[in-house]
Amino acid sequence: MSTPVNFPGEPESTLAAAQQHGLTEEEYGKILSILGRVPTYTELGIYSVMWSEHCSYKNSIAQIKTLPRSGGRLLVGAGEENAGLVDIGEGLAVAFKIESHNHPSAVEPYQGAATGVGGIMRDIFTMGARPIASLNSLRFGSLDSPRTRHLVDGVVRGIGDYGNSFGVPTVAGEVYFDPCYHDNPLVNAMSVGVVKHGAWASATAQGTGNPIMIVGSSTGRDGIHGATFASEEISEASEKKRPSVQVGDPFTEKLLLEATLEAIRSGFVVGIQDMGAAGITCSTSEMSAKGKCGMRIDLDKVPARETGMSAYELMLSESQERMLVCVAKGHEDKIRAIFEKWDLHAEIIGEVIGEDRLYISYKGNLVADLPPETLVLGGGAPVYIREAIRPEYLDTVNALDIASVPEPVDPGAVLLALMAASDIASKRWVYEQYDSMVRTNNVVMTGGDAAVVYVKEGHKGLAVKTDCNGRYVYLNPRRGAQIAVAESARNVACTGATPVAVTNCLNFGNPYKPGVYWQFKEAIAGIGEACRVFDTPVTGGNVSFYNESPTASVYPTPVIGMLGVLDDIRRSPRAAFRQPDRDVLLLGVTHGHLGGSTYLAAIHGIVAGDAPGLDLQEELRLYRLLAELASAGLIETAHDCADGGLAVALAECCIIDEGKKIGARVRLDGTGLRVDQLLFGEDQTRVVIGCVPEHTTGVAALAQKHGIACAGLGTTGGDALVIEGILDVPVEELGHAYYGAIASKMKQST
Amino acid sequence: MQSPVRFGIVVFPGSNCDHDAYHVCRKVLGQDAVFLWHKDPDLKDVDVVILPGGFSYGDYLRCGAIARFSPVMREVTRFAESGGPVLGICNGFQILVEAGLLPGVLLRNASLRFACKNVHIRVENPFTPFTTACAAGEVLTIPIAHGEGNYFADEETIHRIEENGQVAFRYCAPGGEITADSNPNGSLGNIAGIINERGNVLGMMPHPERAADPLLGFTDGQKVFASIIEHVLSRVTPGAVEEVAAVTGEKGRR
């Protein structure tokens, strides 16, 4: 084999060029020693994207490996395929994963968010699973800023236009606002798909002589260096990276979905991988490395949408809606016919070879000759453990003297203010722009604790939810991360489902800063501890570092996507009170913890104190209790106490079914507590229950059996939420505050 | 037991409510259903054609504008012209107006935003093949999900379809009042669905197939399907054909 050469006009690779590509001197040295020569420009590009943070997880993988990544109902563990696979019984499995598209969304919110949705959908259907639900977790700066409103508008339109056209319901998510996300919004998209046992596809190339096909869209110059862009901080110069943002085409993705599933069903697909970050480079090297083989690729065969593209550009393009398929030799025509039926390209661009090399040729020249194993995560990609130092800000922020915070004079007015606070107020303005009903499987429409999706292939329901209170993680990374897991599991448990597995999207600052790396390590430890206790292994996910600008770093925000399984969707309780004259009960104990609360942040402008306490074993007992209460048909309503505490939870129960608001009269035992601690404290492991009075004794008995405190608070009915001796607020006013706030803020001109 | 009604659900590239309509026809209502591929000019002997929701051809250019040229649409037009019942839902409605099978156009929502939510619609004409299971003035709860559902036509057309009783459904308040607040997209006259002059083609923006499975909590959409089934079954009963046509023709003009 001849030595690879540069494409005419391309510069020679040098250390300076490598550094411009985001590689360190040490990493460039490593490339020289692997190849035993100076890389071609194309090869330099290939190493730079594959060894970027985004593709290699070089600064995170050592920590991620400490998470529980197998066991439970896992069929395919984290990192083995594009997404984890979980057994849900009845011969079915669920593939699910969450991923970030923060950096592109910061500079081009519409396309950034749209392609985030497209990318995660491909991760799911490349496994042969049909996506049935999508979720998203968003963080922005304050809605009072025109930049934020511009970003919110673009991101929501991007998610909506892509998901709506693609035809998968957006069923749940969260949106939080804090000035720390002003420069770096977080856009995390999650997809959930269903596949029959044994029908899934693997992202592995094998079988010498098997053809390699590229299918879907043609390849253009869009998105080149997207992966590298995602691996640096946002700055003034980021605006110039706008061309690194990919452009989405949901219509083509819909065709690609149908064609891909049909191709996988045909049995002639040996392996398949979607092209996301680093396009042809990543898919060829990862599929080869996984199959312990190599490939010979001829870039002249790649359908290009622009003329005059170089090998470097073809290899690094992140054009969307493409897949790489390894086909059983002799069946190429059948696969091509399936894609042509859906009006998509399917071109043979190379073949599998027995040798452990990637040979890339273009216009008669060999332009790259590399061992694929040296490129990939788990192979030759660098792995770093960074210095971790507990950041000093914690000493300052953890000190909170509650006595210095004035007690509310008018608790009813404070409750109304909280209901209208951006973090608590209804996100209806957002979710009505998403098709939440297509596929007719969304049982609990928006507004529940978690979405419940009915699996038509069997009789099961899936409960899904994303969660993370970044403020808690900022104040106490380890416990804050535990709470993110616990809250998502509690939300799922409130629908009667059993939490079974987790995907996570770890959004942090620059890992080269010891304080950030310490937050990261601590948060991972917290997630691991919680997931071990709950027996919810981490099936995969995504790390997004460098969510920093010169002026600010985001709160460490490890978003948890929780999957729960529900045996009988008809017994699933709702978050809303259903009828008058129902008993209202509280599971769990109120201590009045105000540190890190929404009340302190939204009403007093204080972000301080410690995250609330959490007893993981007690949480687990609560989940088991909720599942048993639901399956016994004892409860109609179950709603988690989270942001805004018990008073906000009760108010939400009154109004979350907007067409059927129901008041309640309750008495709270506030012995020894300030009124704000009693109403708005964010103690964990608490759930508001609504049930017919005849079932109250049964609920209390089961609570006792599981060792969970259960107190009667009062009854539903009337047209106001009355907390005796403290507040009396008409449900119409609560509804007005809750449903009107975000829409009226978004109406201000951007 | 009567043989089931055979629904044909057209699949355009970009259709995404095709499986939902199929699910309702077969699993919820126990009828027969087949998919009709857009490239095949063959309706497979179906009794009813459904043009489902979605984004045919990505809705690039203009919603429904490309789908109308699909080979299957020539057959759908022939089927409609011979009196066969055709139901266009959402994108299907958009395709029917582009194909000239229904008058008017669907513009972008007045809000310029996609809107997905449950709405109330009032049954304006209970004598069409799609509404006989409903009472006149009955209010149905059925969801919408569209960015371009703002029904518009010139004054003369509006006058004509109103006079002919071609307005099948209007957006309304929960109590049935026709109000500006209950109009989700700016449609003229709060129009949510219309039929052709002959009465055998219905286009509607709300999704009856999304309000049909009892597991999802809303079932008003079943009435649209039940009406069609009744219509088809009565039509094949000897002697009933003229009777049904007479009822539809006369009472349709209120």
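Brief remarks follow.
- For the range B:6-248, a Kirkwood radius taken over Cα pairs fed into Stokes-Einstein (4 °C, viscosity 1.567 mPa s) yields D = 74 µm²/s.
- Under 5 Å, built H, 5+ apart or other chain: amide partners of residue A:582: A:716
- Considering every alpha-carbon pair of the range A:636-698, the percent of pairs per 10 Å bin, from zero through the bin containing the longest distance, is 20, 49, 28, 3.
- Highest mean packing first, where packing is the average number of other Cβ atoms within 10 Å per residue, the peptides B:86-92, A:419-425 line up as B:86-92, A:419-425.
- Applying D = kT/(6 pi eta Rh) to chain A, where Rh is the Kirkwood radius over alpha-carbon pairs, T corresponds to 25 °C and eta to 0.890 mPa s, the Stokes-Einstein value obtained is 93 µm²/s.
- Local electrostatic count, residue A:522, Cβ distance below 10 Å [Lys/Arg +1, Asp/Glu -1]: +4
- Here the 3J(HN,Hα) profile of the range A:519-535, calculated from phi with Karplus coefficients 6.51, -1.76 and 1.60 at θ = phi - 60°, is 4, 4, 4, 5, 5, 4, 4, x, 4, x, 4, 5, 5, 5, 5, 7, 6 Hz, Gly and Pro shown as x.
- Ranked by the mean number of other Cβ atoms within 10 Å per residue, highest first, peptides A:534-544, A:734-744 order as A:534-544, A:734-744.
- Förster radius 41 Å - calculated FRET efficiency between residue A:237 and residue B:37 (Cβ-Cβ, nearest 0.05): 0.25
- Comparing Cα centroids, the range A:645-675 and the range B:113-162 end up 39 angstrom apart.
- Summing +1 for each Lys or Arg and -1 for each Asp or Glu among the other residues whose beta-carbon sits under 12 angstrom from that of residue A:371 gives -3.
- Taking every residue in B:11-18 and counting other chain Cβ atoms within 10 Å of its Cβ, the average works out to 5.
- Close amide H pairs (under 5 Å, H built 1.01 Å from N) link residue B:37 with B:11, residues at least 5 positions away or on another chain.
- Within the range B:167-211, backbone nitrogen closer than 15 Å to the virtual label 7 Å beyond the Cα of residue B:136 toward Cβ: B:167-169
- Proxy reagent accessibility, fewest Cβ within 10 Å first, across A:374, A:716, A:170: A:374, A:716, A:170
- Short-range pairs are left out: with C-alpha atoms under 8 Å and at least six residues apart, the relative contact order of the range B:6-248 is 19 percent.
- The mean number of partner chain beta-carbon atoms within 10 angstrom of a residue's beta-carbon across peptide A:427-440 is 6.
- Structure remark: mean-square fluctuation, Gaussian network model of chain B, C-alpha springs under 10 Å; the largest value among B:174, B:52, B:103 belongs to B:174.
- Cα gyration tensor category, rounded, prolate or oblate, for the range A:573-750 with a/c compared to 1.5: oblate
- Degrees between helix A:25-35 axis and first principal axis of chain A (Cα, 0 to 90, nearest 10): 50 degrees
- Taking the range A:471-487 and a reference point 7 angstrom along Cα→Cβ of residue A:591, the backbone N atoms nearer than 18 Å belong to A:472-487.
- Ranking of A:66, A:557 by neighbouring Cβ atoms within 10 Å, starting from the fewest: A:66, A:557.
- Distance between the modelled labels on residue A:206 and residue A:144, one decimal in nanometres: 6.0 nm (7 Å Cα→Cβ projection).
- Cα→Cβ-extended label distance, 7 Å offset, between residue B:179 and residue A:197, nm: 5.4 nm
- Neighbourhood charge, 11 Å Cβ-Cβ cut-off, centred on residue B:46 and excluding it, Lys, Arg +1 and Asp, Glu -1: -3
- Helical content of chain A, expressed as a calculated mean residue ellipticity at 222 nm, amounts to -10500 deg cm²/dmol (DSSP H runs of 4 or more residues, -39,500 (n - 2.57) each, divided by residue number, nearest 500).
- The range A:666-727: radius of gyration over Cα atoms, expressed as a fraction of 2.2 N^0.38 Å: 1.25
- In the elastic network of chain B, a GNM with C-alpha springs shorter than 10 Å, the most mobile of B:104, B:30, B:165 is B:30.
- HN-Hα J in Hz across the range B:132-142 - Karplus 6.51, -1.76, 1.60, θ = phi - 60°, x for Gly and Pro: 5, 7, 10, 8, 4, x, 4, 9, 10, 9, 9
- Residue order, fewest to most surrounding Cβ atoms within 10 angstrom, among B:160, A:490: B:160, A:490
- Where labels lie 7 Å past Cα in the beta-carbon direction, separation of residue A:337 and residue B:159 in nm: 5.8 nm
- Peptide B:207-218 is shielded by partner chain Cβ atoms: per residue, an average of 4 of them sit within 10 Å of its Cβ.
Each reported figure results from applying straightforward, stated rules to the coordinates on display, with no laboratory input. These numbers come from a predicted model, not from an experiment. Positions of Cβ are generated from backbone atoms using ideal geometry, with glycine treated the same way; all protein chains shown enter the neighbour counts.
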